[in-house]
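J.: I have a structure here, written as structure tokens, and I will follow up with some questions on it.
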Number of protein chains: 2
Amino acid sequence: MSELRQNPATKKWVIISKERAKRPYEYTNKKKNLLDELPPYSETCPFCPGNEDKLPEEGIIYERKKSDNEWTVRVVPNKFPALTRCGNVEREEIDNLFLLMAGVGCHEVIIENPIHNTTIGLLPKEDVAEIIYTYRERFLSLSKDKRFKTVIIFKNHGEGAGTSLEHPHSQLIATPIVPQHIRHRIHEAVGYYDDWGKCVYCSSIETELKQKERIVSETEHFTAFVPFAAALPFETTIIPKRHAATFGEINDSEISDLSKILSNVLRTLYRKLNNPDYNYIIHTAPFSDKGEDYYHWHIEILPRLTKLAGFEMGSGIYINTSIPEECASFLQK
Amino acid sequence: MSELRQNPATKKWVIISKERAKRPYEYTNKKKNLLDELPPYSETCPFCPGNEDKLPEEGIIYERKKSDNEWTVRVVPNKFPALTRCGNVEREEIDNLFLLMAGVGCHEVIIENPIHNTTIGLLPKEDVAEIIYTYRERFLSLSKDKRFKTVIIFKNHGEGAGTSLEHPHSQLIATPIVPQHIRHRIHEAVGYYDDWGKCVYCSSIETELKQKERIVSETEHFTAFVPFAAALPFETTIIPKRHAATFGEINDSEISDLSKILSNVLRTLYRKLNNPDYNYIIHTAPFSDKGEDYYHWHIEILPRLTKLAGFEMGSGIYINTSIPEECASFLQK
């Protein structure tokens, strides 16, 4: 018989479907590992060194360098931006019903490495740290634009996760609104805080470390675990042990530590599931909630091994055909 | 420049990305129309007439007949049910944090027609009415089980929409909880009702019929339109003009009318987009909200022509690369 489990932070119920459950190894990507067939440099790739003329006009927004001639991470504008950095955030109401505003915001691409045929799980941790430094710099820089309420930093890896570009990259979108999705999470976190006098994410870390059933990896400053109510097979949360509401509050020693645990988890997924498609998202409180007691930033890694069907789209309840404890133990081994 | 539009019923913002926008015809399914290659009967299909021995043990739960020898719609148990009809709905709390309950509920398959190689868009409207009668019967029947709070009736059409079975079918899952997703919609609907003294869905119908920019089809009792803040290309809402909170309140003349507009919309999608993958979901208030003034049942048709990427998963904000008005006019022609 299946189980219904509730995520204490989001209050979402998930069906852990034991009838349909597959063993973890059954999720191994059966397709060819496309990375093996890519060259280290591609002439037509706008993100490869030397092809800067293929970038949008604004060129390079931010760059981190190893030496004068060697960059490690670059930030460039998205060529087809979902939101753009001009205009104001006034709302218009049509017929007393429909709210409308200009698509003001910012949409950037973080080129994670000069090498075309690599991925975070295969990079040395120093290179991964460079990516996270870049994320923090862009987060803090964009937080100064008063039109923007938050920034979503995310990665689409593989076609099933929504990317068509091969060169390793992540993206960020600064939005002029607090997404409702995040408002709901904050609302639940405030509710827990008012009930229990502590942060629900802090309680989750404590309980996961005590129960030891779903831990994937642990470092000095971070914990990685498959959530109790994981919605997807191999869903993994990476969360700082120190309470901080916004991602911008991460310090240098935490960045160094995060680069270890992030590359460790992604390398494990790469090896054990044969380079699966995945998304990750940095969940953070909005800029204005910096320092708040109730929310706690974290990274959500979502392998895209299953399809969302009508039930998930219509009810928001996910049917997870894997057992979170089994997924954690498979990744841990 | 793109636009941010808010859905007045859900309060979700959507990015209508004009930079990335494709023309409607560019979404036409380029793949072969697989339906053309299927036989009208398949020996191995458990849903084809004569293959009843391949059904789960409980057999046929409900059936509608044209004559003694000819059935039109059948309801059977799902072979791998996400939730099952036994056990109680007591919650357990682990470590004061994690809520857990048995997977109690009901998961049924509605076989829409005896013919293997057909689809709702190709059926005569009398046959479509039989499907809707079946939905209503199951809705009302399951509402009597006090453990169940609501039922999600949905359809997955095509592989990209999450189905692997060819035979035309829809599904329903009765849940022992009100999904949070639906709670949020009700919460917003109550807010609008308290502000304006009327149902937000009634206001939307009125405004759509007045603006005439996004109407796809209209009948005596129903309206079909691409929502102002459609999240997906060709997303279409079919909604009854008469206010009713739960789907179970639909009457016979509305069923006859719904069968016309539903088959009309699905036939148009089939023809103009070459049999695209899609989901539809019947959104309804929970059983206990029957007769309420603020919520309004409706059908959401979600063509699956684009992939959900990290931004959508992390922010809940969809980037729609089509213009709702253009989609409506393309479907209308």
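Read-outs: derived from the displayed coordinates by stated rules, not from any lab. Everything numeric in this text was worked out from a predicted model, so none of it was measured. In this analysis, Cβ positions are derived from the backbone assuming ideal geometry, glycine residues included, and neighbour counts consider all displayed protein chains.
J.: Give me the one-decimal nm value for the distance between modelled label points at B:K198 and A:D145, 7 Å along each residue's Cα-to-Cβ direction.
T.: 3.9 nm
J.: Let me ask you something else. When the Karplus curve 6.51 cos²θ - 1.76 cosθ + 1.60 is applied with θ = phi - 60°, which whole-Hz ³J(HN,Hα) does each residue of the stretch B:279-287 get, with x for Gly and Pro?
T.: So the J values, rounded to whole Hz, are 10, 10, 9, 8, 8, 9, 5, x, 3.
J.: Another question, if that's okay. At A:I94 and B:K212, where each label point lies 7 Å from the Cα along Cα→Cβ, what is the point-to-point distance in nanometres?
T.: 1.6 nm
J.: Out of the stretch B:109-212, which trypsin sites (Lys or Arg not before Pro) are coil in DSSP terms and have no more than 11 other C-beta atoms within 10 Å?
T.: Counting only loop positions with at most 11 other Cβ atoms within 10 Å, the trypsin sites (Lys or Arg not before Pro) in the stretch B:109-212 are B:K144, B:K146, B:K212.
J.: Using a Gaussian network model of chain A with C-alpha springs under 10 Å, which one of A:I153, A:I60, A:I323 is most mobile by mean-square fluctuation?
T.: A:I60
J.: Quick one: what are the phi-derived ³J(HN,Hα) couplings along the stretch A:305-314, Karplus 6.51/-1.76/1.60 with θ = phi - 60°, whole Hz, x for glycine and proline?
T.: My calculation for the stretch A:305-314 gives 9, 10, 9, 7, 10, x, 5, 4, 5, x Hz in order.
J.: Enumerate the lysines that B:K11 could reach by cross-link, defined here as Cα to Cα under 18 Å, with residues fewer than 8 away along the same chain left out.
T.: Result set, ordered by chain and number: A:K149, B:K198.
J.: Right, something else. Considering only the other residues whose Cβ falls under 15 Å of the Cβ of B:A244, what net charge follows from Lys and Arg at +1 and Asp and Glu at -1?
T.: So the environment of B:A244 carries a net charge of -2.
J.: With only Lys, Arg, Asp and Glu charged, each at its Cβ (+1 for the first two, -1 for the last two), find how big the charge dipole of the stretch A:3-332 is about the Cα centre; round to the nearest 20 debye.
T.: 720 debye
J.: Among residues other than B:V200 whose Cβ falls under 10 Å from its Cβ, what is the net charge (Lys/Arg +1, Asp/Glu -1)?
T.: For residues surrounding B:V200, the net value is +1.
J.: Okay, moving on. Could you work out the mean count of beta carbons from other protein chains within 10 Å of each residue's beta carbon in A:153-164?
T.: Taking the mean over all residues of the peptide, I get 3.
J.: In the neighborhood of B:F330, defined by Cβ-to-Cβ distances under 14 Å, what is the net charge if each Lys or Arg adds +1 and each Asp or Glu adds -1?
T.: With Lys, Arg at +1 and Asp, Glu at -1, the neighbours total +1.
J.: Set the bar at 31 Å for Cα to Cα. Now go through B:K30/B:K210; A:K241/A:K333; A:K30/B:K307; A:K54/B:K22; A:K54/B:K333 and name every pair that lies beyond it.
T.: B:K30/B:K210; A:K54/B:K333
J.: In a Gaussian network model over chain B where Cα atoms closer than 10 Å are linked, find which of B:A309, B:A224, B:A285 has the largest mean-square fluctuation.
T.: B:A309
J.: B:V73's amide H: which non-local residues (gap 5+, or another chain) put their own amide H closer than 5 Å, with H modeled 1.01 Å from N in plane and none for Pro or chain starts?
T.: The answer is B:R64.
J.: Right, another one. Using the beta-carbon distance between B:L38 and B:S253 and R0 = 30 Å, what value does 1/(1 + (r/R0)^6) give for FRET efficiency, to the nearest 0.05?
T.: 0.30
J.: Let me ask something else. Given Cβ point charges of +1 (Lys, Arg) and -1 (Asp, Glu) and nothing else, what value in debye, to the nearest 20, does the dipole of the protein assembly as shown about its Cα centre take?
T.: 340 debye
J.: HN-Hα J couplings of the stretch B:42-48 from phi, Karplus 6.51/-1.76/1.60, θ = phi - 60°, integer Hz, Gly and Pro as x?
T.: 10, 4, 8, 7, x, 9, 7
J.: Here's another thing I want to ask about it. Would you be so kind as to identify which of A:P40, A:T150, A:T84 lies farthest towards the positive end of the dipole of chain A, taking Lys and Arg as +1 and Asp and Glu as -1 on Cβ and the Cα centre as origin?
T.: Going by the charge dipole, the pick is A:P40.
J.: If a paramagnetic tag sat 7 Å from the Cα of A:K333 along the Cα-Cβ line, which residues of the stretch A:274-297 would have the backbone N under 15 Å from that point?
T.: Residues passing the 15 Å test: A:274.
J.: Residue separation times 0.36 nm, minus the C-alpha to C-alpha distance between B:N69 and B:S288: what's the value?
T.: 75.0 nm
J.: Give the distance, in whole Å, between the Cα centre of the stretch B:45-82 and the Cα centre of the stretch A:1-67.
T.: So the separation of the two Cα centres works out to 41 Å.
J.: Now for a separate question. GNM on chain B, C-alpha springs below 10 Å: top fluctuator among B:I317, B:I250, B:I16?
T.: Highest fluctuation of the listed residues: B:I317.
J.: Could you check the spin-label model distance between A:E58 and B:N51? Points 7 Å from the Cα along Cα→Cβ, value in nm.
T.: 5.5 nm
J.: Separate question: Relative to the compact-globule scaling 2.2 N^0.38 Å, provide the ratio for the alpha-carbon radius of gyration of chain A.
T.: That ratio works out to 1.00.
J.: Considering only C-alpha atoms, what is the centroid distance from the stretch A:297-333 to the stretch B:102-176, in Å?
T.: Value for the Cα centre distance between the two parts: 24 Å.
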